[in-house]
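Before any comments, here is the structure.
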Amino acid sequence: MGRIGFIGLGAMGRPMASNLARKGFALVVHDMRREPVEALAKLGATAGNGVAGVTHASEIVVTMLPDSPDVEAAALGPGGILDNAKPGQMLMDMSTVDPGTTDKLAAAAAKKGVGFVDAPVGRLVQHAIEGKSLFMVGGSKDDVARVRPLLEAMGDTIYHCGPAGAGTRTKLVNNYLAIFHCVLNAEALAFATALKLDLKTTLDVIYGTTAVNGQNKVNWPNKVLKGDTTPGFRIALAHKDASLITEAARKAGVPMFVGVAAREMLGQAMRTGDFADKDFSAMLDYVCQQAKVNPPRL
């Protein structure tokens, strides 16, 4: 396999690219910040000369960016990936974006004879660090086979969800549950705290019933419940995803009564103090702040 371009070295992109470098892939990388590029260079990657330079130097270009406008600018904008790509190259977008953005990328790539796969990422930052991410992949059978070695180097679970766009749409369904479980857990544990219940006993009960979910059993004990709200997945990004989800549901004709309420709650937290840049498990602290109770800790 030829050189791999990786654009976007944020909380998830950096550990994913690091795993590729450690496992012997020839990488050329780009980010708006110097520090993650320098860190990847220490692992053997080459710093790319912007988006155009990465594209010229690579067989497969991977994007892992915060939002739909960022992806559209990098891939579709003047001087972007598809402006510089040649027939036979491959673009794999791993960002969580509006399905309409994915559809635009797939159509533009096909017009240029460039392969396209959407492969958004499941699980948490720690899984990305450990090379245990889950990928929801959309694309043709041949295109997915072409990028599979990269996915196997960055994760341990790969689902081919359907044609281009199916990965992005599956990610929105997955994130609906992940994000809104977080909001529900925040209200439930703030409620338990206000009732002066013992946290460990309350969690033991929840874990023993169908009320259990991956946030309250897997993520929270390692994050907010031990006082760690450093961002794995920022509240601002959770609000962005909630907005993508509710808008995609509106277009599909699916009412999202709970989803809209939870999106507004995330928006309120995002506009309060420094919550926007805290881990989304810190929604517990936000609700406790509103309830004027001390946030519970294990």
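Would you mind stating whether Asp279 is at pLDDT 95 or above and crowded, with 21+ Cβ neighbours inside 10 Å?
Judged against the criteria, Asp279 is a match.
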Looking at the structure I just gave you, is Leu298 aliphatic (A, V, I, L, M), over 21 Å from Thr168 (Cβ atoms), surrounded by fewer than 13 Cβ atoms within 10 Å (Cβ to Cβ) and touching a Pro at 6+ places or on another chain (Cβ under 7 Å)? yes
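Please find, among Lys171, Lys196, Lys200, Lys223, the residue that is at pLDDT 95 or above and within 27 Å of Ala21 (Cα to Cα).
Lys171 is the lone residue from the list that is at pLDDT 95 or above and within 27 Å of Ala21 (Cα to Cα).
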Single residue of segment 57-80 satisfying the filter (in contact (Cβ under 8 Å) with a residue 12 or more places away in the chain and over 21 Å from the mean Cα position of the chain (by Cα)) that is surrounded by the fewest Cβ atoms within 10 Å (Cβ to Cβ): Gly79
Restricting segment 113-128 to residues that are assigned to a helix (DSSP H, G or I) and buried (at least 17 other Cβ atoms within 10 Å of the Cβ), which is modelled with the lowest pLDDT? Val125
For segment 238-248, name all the residues that are within 12 Å of the chain's Cα centre (by Cα), crowded, with 21+ Cβ neighbours inside 10 Å and farther than 28 Å from Leu199 by Cα. Asp241
Segment 29-49 residues that are in contact (Cβ under 8 Å) with a residue 12 or more places away in the chain, paired with ones that are among the acidic types (Asp, Glu) and part of a loop (DSSP other than H, G, I, E, B) (beta carbon under 7 Å, 6 or more apart): Val37/Asp31
Matching residues in segment 182-197 (more than 14 Å from Ala282 (Cβ to Cβ) and of a type in the set (D, E, K, R)) number 1
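Tell me the residue from Arg14, Arg22 that is under 22 Å from Gln126 (Cβ atoms) and without any contact (Cβ under 8 Å) to a residue 24 or more places away in the chain, please.
Unique residue meeting the criteria: Arg22.
The values are calculated or read from the model by the stated rules, or taken from the named source; none is laboratory data. Computed from a predicted model, the values in this text were never measured in an experiment. Using ideal geometry, Cβ is built from the backbone for each residue, glycine included, and neighbour counts are taken over all protein chains shown.
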